[in-house]
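Q: To start, I am sharing the structure in question, which I have written as C-alpha cells.
The values are calculated or read from the model by the stated rules, or taken from the named source; none is laboratory data. These numbers come from a predicted model, not from an experiment. Cβ placement follows ideal geometry from the backbone for every residue including glycine, while neighbour counts extend to all protein chains displayed.
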Amino acid sequence: MAPADPSLVLAAVGAPVVAGLATLLIPRAQNLARVLLAACGPAASLLLLGVHLTRYGVAPNHAGTTSINWVPSLHLDLSFLVDGLGAFFALLVAGVGVLIVFYSRGYFGNDASSLARFFPALGFFTSSMLGVFLADHLLLTALFWELTSISSFFLIGWERDDETAVKRAMQAFFTTGFGGLALLGGVLLLGDTTGVWRWSDLVATASEIGSSGTVVAAFVLIFVGAASKSAQWPLHYWLPGAMLAPTPVSAFLHSATMVKAGVFLLGRLLPVFGLLTIWLPLVVAFGAVTMLLGAGLALRQHNLKLIFAYLTVSQLGLFVCMYGFGGVTDGHGGSAIDWDLSQIASHGLYKAPLFLIAGALAHRLGTRRLPELFGLWHRGVSGSRVLVVVLLAASYALAGGPGTVSFVAKELFLGAAHHAAASHPALLVVVAMAVLAAACNVAIVVRLVATVFGWRLGVRDDLPGRDVVHGKDRWGPVLWVPAAGLVLVQYIGGLLPPVWNSVFRRLEVNVNDEAFTDGLPWLWEPFLHPGAPLAMSLAAIGLGVVLGCSQRMRGDIVDVHDRIYPVTYRLILQYGHRAFHGIQTGHLRHYLVFVFTLLLLGISWAAWVDPAMLRLPDGVAPFESLTGLLLGAVVCAAAIALPLVTERVVRVLVLGASGFAVVGLYLLYQAIDLALTQLMFEIISVLLFLLVLRLLPRLDRRPLISPRPRLALAALVGITIGWMTLLAGHAADQRTNEAVTLGAFFEEHSLHGTEVTDGRGGEGRNIVNVILVDFRGFDTLGEITVLATAALGVWSMLPGRRRHRNDEGQPGTIAAEVER
Amino acid sequence: MRIDSLILRTAVRLVLPLTVLLAIYAALNGHNAPGGGFIAGLVTTVGLCTYRMAFGERAFHRLFPVHPRWLVVAGLGLTLVVAIIPLLAGEPLLRSASTVLRLGGQELHLVSATVFDLGVLVVVVGVAVGMITRLGEELGP
C-alpha cells in the first residue's frame, strides 16, 4: 500500500491548538460559543483521524506516511505513523479531550477569565500530545515531547497566584524536562548510530539493530525519558505533586494522556529494543517497584485526588511492567504481552471518571477529603447522590470487579505475568507484587464505600487539610455526564466483550501480531476455565477486603521521595552560586588570565599533535628589512614598558607609541588601507582613553594574582599569537601538501591582476575592501552590529547626568558614584 | 573637553570640510583603491571630534543636530537591506552586483558594495561620535 498522505494527520495534530487560540477572539461573555469552538478542536482531530483510518486503514507499524521536508539538514521532516498504537492513543486523547472541554465549562462555572485562559492552554497541550503519539520521526517525537512538558507546565501551574501550585508546576516541568533531555540524547544517539531516523524504518530493520554499547545506551536514555514522563520510581513524585492543578487538568493529563506518553513510548520501543537482554530486567524492575510503591502510598492518603494520583502511579508501573514482559523470550519466540491497548484503555475509562467525580464533589461540597465525605449518601445534599453512584461505579472498575473491562484487563496482566514467570522464575516476585498492589486497590475501594455510606469502618478521623476548590454554580449535569459516559463504556466492554473486541481487534496488531487470545473473553469464561490468573485475582480481592476493613495502615504518610526535588534544587542553587562566584570575580584581568590560559593550552595541544606547527614556514625570512626591525623593536619596547609604568596617562601614551609603530610597519609593507585604519583608530582610541581615564576607579593596589606570572603569561600569549599569525599566512594545504597563502585565494578571486572573478567581489580592485564587503561581508555585518550594541551599552549605562548636578555644582560622574 | 584656541578653531574650520570630502571619497573609491567604509567613518569621526574640541559642545550640537543613535539605526538598516536584496534574487547573502556606466567616454564602475560601505561609514560615525560625546558629557565642559 502506498504511504499515506501526511497532511490529514498534520491537520488533526494542529486542530486543537488552532481552535484553542481561536477562542481568544471570542468576546468574554460568550461562554457557550467559546466552549463549542474549543470542543471543535479535538472533535476535528477525531474526525480527521477517522477519515485517515478509513482511507488508509491501520498502518502496520513499519509503514509511516510520506513526509513533508522541514529541516533537511537535520534529517528532520514532518512524517507521521498512524499504526494501531499511535491511532489508539491519539483517539483516546482527542476523545477524552472533547469531554474535558465540556467538563471544564461546568468546573470553572461562570469564571469567564479562567475559561478564556484555559482553552488555549488546553488546545496547545492536546496538540502536543497528538504529535507525540503520531510522530514517525525520532526528532519530531522529541520535539512534541518537550512541547507537552511546556504546555502541561501552564496547566499544572494554573493557580498562578498560588506559590505552591507554581512550585509544583516547576517540579513537574523540571522532572519531565530532565527526562525529555535524556530522550533527546537517546534519540540522537540512536539516529546517529543507526542512520535511521524514523520509527517505522527502525521497526522494519529492528533485527539489524544489534546490541552494541551505543544502542544499549540509547535505549537506556530513551527509557529514562519515558519513565520520567510516566512517573516511574524514583521520579514519580511529580505526579501527586501536580495534583494542585484544576481537576479537568488532572483528569486529562494525569489519567488519560500525558502520563501515558511514557507507556506509549515503551510500546513504540518494544518492537525495536525488545530483544535486548537489558529490556526485561530494566523495564520490569522499575515498573514493579512503582506499581507496589504507588499502591502502598495511595492506601495512606486521605484526599481523593491524591489517592487517585498515587493509584495512577501504581497503574503506570503496571503498564511499564506489562511492556517489560514483552521482552520475555520463551522457546516459542512469543512475548508475554496480550491486548495491551485494551488494558491501557480500561485504565483511562475508570481513572478519568474518578478524577472528574472528585472534582465534582469538591465543586458541590467544597472538599475532596475522605473524612469529610463520611456518610455522604445520607446527607441528602442535592445532586450528590448521582455523583456517588458514578463514583462507586468507577470504583468498582478500579477494584477490578467482574463485569468490567478492568477485571478482564487485570486477568490478562496476571496471565501475562504468569506466562512470563514460567520461563523466568525470578518474575514470580513481580507476580506477588502485582497481587499486593491489586489488593491495595481493593482495600481503597472498600474504605471508600464504607466512608460514603457512613459505616463504622469508614475513614473519619478528622485531620486538618487544605484543598483548592474552584467556583460553584449550576452547570451541574456537565460535571457528571462525561464521567458516566466513560464508566458506561467500562461496563459495556466488560459485559459485551464482542463490542469491545470489534473495535480493538483492528488496533491491537501492533506489538504482538499473534495475540494468544482472540480478545476479551466473556464474563464467565475465566470462571469456566479457572487457572492461576483467576486464583491470583481472588487472592487479591480477599486480601484487599481484609486490608480495607482493618484499622491498620490508615495514618497519613509522607512519601520520602517528595524530598528529592527540593533537595536537588537547593543543592544546584547552592553549588551553582558558589561556582558562579568562583568564575565571575568581576576583575577583567582574571577573565583574561582564564581565557589566555585556555588559549595557550589549546594551541599547545595542537602543536603537540602536529609538531610541524613549530617549524618556521618556508619562504619566510626573519629579518628582511632594517626599518621593519627597528619599528618592531619600538613595538616591543613599548609593550615591555607598558606594565612598568604605573600612571594610566603614561600607559595610554606608550600604547599609542606601539600603535603608531605598527602603522609604520603597515606602510613599510604597503598595506595602505590597514595603515590608514590603524592611524585613525589610534587617534580615536587615545581620545577615548583620555576621556574615560577620569571616570575609572582608582587602581586596585592589591592584585589577587601577583603581577609577575601575569607578565610571563602576557609575553607567552603575545609570542604565541604572533607565531600563529605568521603560520596562518603560510599554511600548507593538508590534502595537496601545496603551500597555500591566504592572500593568494583572495588575489585570484578579486579583480587584481587577473580578470577572473567568478562573479565575486563585485569586480573590485582593492583586495582588502573586497574581503570586507564580499568574502567576509557577513563578518563585517556582524562587526558593525557589535559596534552598535557597544554604543547602546554606553548610552544606556552612562545616562546623561548633566541635569543631575549635586549641590556643589559638580557634575555627577560615575567616578563620583563609585566614591560614594 | 574644550581647547580654547583661535588657531585650532581657524584650522578646524578649514580642515573639517576637507575631512568630510576625503571620507566620502574614500568610501566611494574604496572598492578599487585604498579606502572603504570603515576608514571613511573613522576619518569623519576624527574630524567631528576635533571640531567638538575646538568649538565646544553647543556649536557641535548645531552642526550635528541628530542623536547619533539614528545614524546607527540608519546605517545598520542600510547594510541589512543591501545584504538581503541578493537573497530575494536567489543569490547568496551579500553577493554584490556591479555594472559599468558609460558617461561621455568615461566609464563609471557602480557596485552595490559601495552602498554597503556607506552603511558601514554611517554606523561607525554614529557609534564613535555617540560614545565620545556621551563620555564628554559625562565629564562636563
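Q: Name every residue in the range A:293-302 that is crowded, with 23+ Cβ neighbours inside 10 Å and in contact with an Asp or Glu (Cβ under 9 Å, 6 or more places away or on another chain), in order of residue number.
A: Across the range A:293-302, the qualifying residue is only A:Leu297.
Q: Among the candidates A:Pro521, A:Pro526, A:Pro530, which residue alone is at pLDDT below 80 and crowded, with 18+ Cβ neighbours inside 10 Å? Even if it seems obvious, please write down each step before you answer.
A: Details: A:Pro521 fails: crowded, with 18+ Cβ neighbours inside 10 Å; A:Pro530 fails: crowded, with 18+ Cβ neighbours inside 10 Å.
Exactly one of A:Pro521, A:Pro526, A:Pro530 is at pLDDT below 80 and crowded, with 18+ Cβ neighbours inside 10 Å, namely A:Pro526.
Q: Can you tell me which residue among B:Ala74, B:Ala26, B:Ala59 is more than 9 Å from chain A (Cβ to nearest Cβ), more than 14 Å from B:Gly119 (Cβ to Cβ) and not hydroxyl-bearing (Ser, Thr, Tyr)?
A: Answer to the check: B:Ala59.
Q: Right, next: If only one of A:Leu221, A:Leu189, A:Leu183 is buried (at least 24 other Cβ atoms within 10 Å of the Cβ), in contact (Cβ under 8 Å) with a residue 12 or more places away in the chain and closer than 28 Å to A:Leu316 by Cα, which one is it?
A: Answer to the selection: A:Leu183.
Q: Let me ask another. Residues of the range B:77-97 being under 17 Å from the mean Cα position of the chain (by Cα) and either facing chain A (nearest Cβ under 8 Å) or over 20 Å from A:Val770 (Cβ atoms) (or both), which ones?
A: Residues satisfying the conditions are B:Gly77, B:Thr79, B:Leu80.
Q: Would you say B:Val122 is more than 8 Å from chain A (Cβ to nearest Cβ), in contact (Cβ under 8 Å) with a residue 24 or more places away in the chain and in contact with a helix residue (DSSP H, G or I) (Cβ under 6 Å, 6 or more places away or on another chain)?
A: The answer is yes for B:Val122.
Q: Of everything in the range B:24-39, what is crowded, with 24+ Cβ neighbours inside 10 Å, touching a residue at least 24 places away in the same chain (Cβ under 8 Å) and touching a Leu at 6+ places or on another chain (Cβ under 9 Å)? Give them in sequence order.
A: B:Ala27, B:Gly30, B:Gly36, B:Gly37, B:Phe38
Q: Okay, next question. Would you say B:Leu21 is more than 11 Å from every other protein chain (Cβ to nearest Cβ), more than 13 Å from the chain's Cα centre (by Cα) and surrounded by fewer than 18 Cβ atoms within 10 Å (Cβ to Cβ)?
A: no
Q: Return the pairs, sorted by first residue and then second, in which the second residue is of a type in the set (S, T, N, Q), the first residue lies in the range B:64-76 and is more than 17 Å from B:Ile132 (Cβ to Cβ), the beta carbons are less than 7 Å apart, and the residues are 6+ apart or on different chains.
A: B:Leu76/A:Thr785
Q: State which residue is surrounded by the fewest Cβ atoms within 10 Å (Cβ to Cβ) when the search covers only the range B:51-97 and only residues that are in a loop (DSSP other than H, G, I, E, B) and among the aliphatic types (A, V, I, L, M).
A: B:Ala89
Q: Looking at A:Thr257, A:Thr290, A:Thr312, A:Thr277 in this structure, which one is of a type in the set (Val, Ile, Thr) and surrounded by fewer than 24 Cβ atoms within 10 Å (Cβ to Cβ)?
A: On the way: A:Thr257 fails: surrounded by fewer than 24 Cβ atoms within 10 Å (Cβ to Cβ); A:Thr290 fails: surrounded by fewer than 24 Cβ atoms within 10 Å (Cβ to Cβ); A:Thr312 fails: surrounded by fewer than 24 Cβ atoms within 10 Å (Cβ to Cβ).
None of the other options fit; the residue is A:Thr277.
Q: Would you confirm whether or not the range A:418-426 contains a residue that is more than 18 Å from A:Gln490 (Cα to Cα) and hydroxyl-bearing (Ser, Thr, Tyr)? Lay out the reasoning, then the answer.
A: Initially, the range A:418-426 is screened for residues more than 18 Å from A:Gln490 (Cα to Cα), giving A:418-426.
When the remaining residues are screened for being hydroxyl-bearing (Ser, Thr, Tyr), the result is A:423.
Within the range A:418-426, one or more residues are more than 18 Å from A:Gln490 (Cα to Cα) and hydroxyl-bearing (Ser, Thr, Tyr).
Q: Every residue in the range B:98-119 that is outside any helix (DSSP H, G or I) and either buried (at least 18 other Cβ atoms within 10 Å of the Cβ) or within 11 Å of chain A (Cβ to nearest Cβ) (or both), please.
A: Residues of the range B:98-119 that are outside any helix (DSSP H, G or I), as a first pass: B:98-111.
B:Ser98, B:Thr99, B:Val100, B:His109, B:Leu110, B:Val111, listed by residue number.
Q: Name every residue in the range A:678-692 that is under 11 Å from B:Ala128 (Cβ atoms) and either more than 7 Å from chain B (Cβ to nearest Cβ) or small (Gly, Ala, Ser) (or both), in order of residue number.
A: A:Ser685
Q: Of the residues A:Val98, A:Val93, only one is free of Cβ contacts under 8 Å to residues at least 60 places away in the same chain, among the β-branched types (Val, Ile, Thr) and not assigned by TED's automatic domain parsing to the domain that holds A:Pro477; which?
A: Working: A:Val93 fails: free of Cβ contacts under 8 Å to residues at least 60 places away in the same chain.
On inspection, the qualifying residue turns out to be A:Val98.
Q: Show the residue pairs that are 6+ apart or on different chains and have beta-carbon atoms under 9 Å apart, the first residue being within the range A:519-538 and more than 21 Å from A:Val435 (Cα to Cα), the second being of a type in the set (Gly, Ala, Ser).
A: Pairs that qualify, where the first residue is more than 21 Å from A:Val435 (Cα to Cα) and the partner is of a type in the set (Gly, Ala, Ser), are A:Gly519/A:Ser342; A:Gly519/A:Ser502.
Q: Filter the range B:22-37 down to the residues that are under 12 Å from A:Asp673 (Cβ atoms), out of contact with any Pro (no Cβ under 9 Å at 6 or more places or on another chain) and part of a helix (DSSP H, G or I) and list them by number.
A: Result: B:Asn29, B:Gly37.
Q: Of the conditions (1) under 24 Å from A:Phe355 (Cβ atoms); (2) in a helix (DSSP H, G or I), A:Phe178 satisfies every one except a single condition; which number is it?
A: With respect to (1) under 24 Å from A:Phe355 (Cβ atoms); (2) in a helix (DSSP H, G or I), A:Phe178 is out only on (1).
Q: Further question: Taking the range A:663-680 as the region of interest, how many residues are surrounded by fewer than 18 Cβ atoms within 10 Å (Cβ to Cβ) and aromatic (Phe, Trp, Tyr)?
A: Adding up the residues that qualify gives 1.
Residue by residue, here is whether (1) exposed (fewer than 10 other Cβ atoms within 10 Å of the Cβ); (2) charged (D, E, K, R); (3) more than 35 Å from the chain's Cα centre (by Cα); (4) under 28 Å from A:Ser658 (Cα atoms) holds:
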position: A:Arg563; (1), (2), (3), (4): no, yes, no, no
position: A:Pro566; (1), (2), (3), (4): no, no, no, no
position: A:Leu571; (1), (2), (3), (4): no, no, no, no
position: A:His581; (1), (2), (3), (4): no, no, no, no
position: A:Thr585; (1), (2), (3), (4): no, no, no, no
position: A:His590; (1), (2), (3), (4): no, no, yes, yes
position: A:Ala633; (1), (2), (3), (4): no, no, yes, yes
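Q: Oh, and also: Could you go through the range B:39-51 and let me know if any residue there is among the aromatic types (Phe, Trp, Tyr) and either over 21 Å from A:Gln678 (Cβ atoms) or at pLDDT 90 or above (or both). It would help to see each step written out before you state the result.
A: From the range B:39-51, those among the aromatic types (Phe, Trp, Tyr) are B:51; that's our starting set.
Subsequent filtering for residues that are either over 21 Å from A:Gln678 (Cβ atoms) or at pLDDT 90 or above (or both) retains B:51.
Scanning the range B:39-51, I find at least one residue that is among the aromatic types (Phe, Trp, Tyr) and either over 21 Å from A:Gln678 (Cβ atoms) or at pLDDT 90 or above (or both), so the answer is yes.
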